[in-house]
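Scroll down for the structure; my scribbles are underneath it.
Each value in this text was obtained by applying a stated rule to the coordinates, not by laboratory testing. What you see is a predicted model, and the numbers here were worked out from it, not measured in a lab. Note that we place each Cβ from the backbone using ideal geometry, even for glycine, and neighbour counts take in every protein chain shown.
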Amino acid sequence: MKPLVEITCTIHLLTGKPIVFKIEAEFERLRNAATKIESSLNSNYVGVELDEKLLIIPTHNIRSIEISPAPIDLMTHVITGAKIVS
């Protein structure tokens, strides 16, 4: 069995509280996470299976998405190595 990595995802909505969830995934799933998020953002919604329910979030309602730890393979339009200064 491959070791699992715990991934925390936070979806910040335009209004209301963010949706925060954790996923235990194999390394390959973490590697491909950015590609799946990019693909979802190019569609009309992001779907999450959460607590045995399917949550569909329209992409026009999403302000930002955080994935921690950051996926190994990033999307093409990502600035790497940045640090918050204020």
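Within the listed set E66, E24, E49, the Gaussian network model of the chain (springs between alpha-carbon atoms below 10 Å) gives the highest mean-square fluctuation for E49.
Would you calculate, for the chain, the mean residue ellipticity at 222 nm contributed by helices, counting each DSSP H stretch of 4 or more residues as -39,500 (n - 2.57) and dividing by all residues, to the nearest 500? It would help to have the intermediate numbers written out before the result.
On the way: 1 runs with 15 residues, N = 86.
That calculation yields -5500 deg cm²/dmol at 222 nm.
Of the residues A25, V85, S68, the one whose Cα sits farthest toward the positive end of the charge dipole of the chain, with +1 on the Cβ of Lys and Arg and -1 on the Cβ of Asp and Glu, is V85. Among H12, H60, the ranking by other beta carbons within 10 Å of each residue's beta carbon, starting with the fewest, stands as H60, H12.
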